[in-house]
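Trainee: One structure, as C-alpha cells, below. Some questions next.
The values are calculated or read from the model by the stated rules, or taken from the named source; none is laboratory data. As the structure is a computational prediction, the values presented were derived from the model and not from experiment. Using ideal geometry, Cβ is built from the backbone for each residue, glycine included, and neighbour counts are taken over all protein chains shown.
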C-alpha cells in the first residue's frame, strides 16, 4: 500500500473577495509540482462564492467536470442550452469533450454557496459534450458508502467518460466500513468533508485528503460523526 496525505492546511488558497477557494491540487496561480493530480483526478477545489456572485461564461475542453453543492444552490448555464439550478444534495456532471462554454453563479442574493469543483481527465478525447444532474440525497444510506458516480450510464448516480467511481458516506462515531475497489489498478482518494476518520490507522480530520494506491480494499472508521467523499480513479489512462 502506498499513501499520500494532504492536510487541509497544506492546500493552495486564493481569496478573490467574491470567491474563497482552497485547491488540493495545482490550479490557477497555485502551483506545486508534487501536487499536480492523483492519477486521473486533476482538480479538487473547495469553493465558497459570495451572494449573487459567480463564474462568468468560460470554456472547457476534454475534461469531466463534477460539481457538488455542500451548502446553498448554484445557477448553471451552458452553450448546450442548459439552464438549471444545482441544489444542495445534488451532483452535476458536464463532459466538456470537444468544447463547451458555461457559467455558474450563486443563486442566492443573501447567502454564500459552498461547493466542490472536481475535474477528472477522460479516457477518450473529443467526445460529444453532455450534461447530467441528479439528486444524490435520495441515495443516501447511513454508515456505509453509497455510489454517486461511475463509468456506467445504467448504474446508480451520474456517469463520466472514465473508469472512476465516486461514493459518499455519512458515518456515526465509531462506525466502521470496508470499501472494495472496482478495478485493481485504480487508486482511491478520500476527502473528509466533516468530522474525523481513521483510514488504515491513518487519522484524517475535516478537509484533509488521503490518496491510497496498490490496495484491493480499505478500512475506514469514524472517530467522530463524519461525512466523507471517496473517489476511485485510474492512476493512468
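Trainee: So if I check each of 232, 172, 214, which one is out of contact with any helix residue (DSSP H, G or I) (no Cβ under 8 Å at 6 or more places or on another chain), in contact (Cβ under 8 Å) with a residue 40 or more places away in the chain and under 22 Å from residue 119 (Cβ atoms)?
Mentor: 232
Trainee: State all residues of region 207-223 that are loosely packed, with under 15 Cβ neighbours inside 10 Å and in contact with a strand residue (DSSP E or B) (Cβ under 6 Å, 6 or more places away or on another chain); if no residue qualifies, say none.
Mentor: Within region 207-223, 214, 217, 219 qualify.
One line per residue, one yes/no per condition, for (1) in a strand (DSSP E or B); (2) surrounded by 19 or more Cβ atoms within 10 Å (Cβ to Cβ); (3) in contact with a helix residue (DSSP H, G or I) (Cβ under 6 Å, 6 or more places away or on another chain):
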residue	(1), (2), (3)
68	yes, yes, no
76	yes, yes, no
81	no, no, no
104	yes, yes, no
110	no, no, no
115	yes, yes, no
133	yes, no, no
149	yes, yes, no
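Trainee: Only one of (1) in contact (Cβ under 8 Å) with a residue 24 or more places away in the chain; (2) under 24 Å from residue 232 (Cα atoms); (3) over 19 Å from the mean Cα position of the chain (by Cα) fails for residue 84. Which number is that?
Mentor: (2)
Trainee: Being assigned to a loop (DSSP other than H, G, I, E, B), modelled with pLDDT of 95 or more, within 28 Å of residue 61 (Cβ to Cβ) and in contact with a strand residue (DSSP E or B) (Cβ under 8 Å, 6 or more places away or on another chain): is that true of residue 125 here?
Mentor: In short, no.
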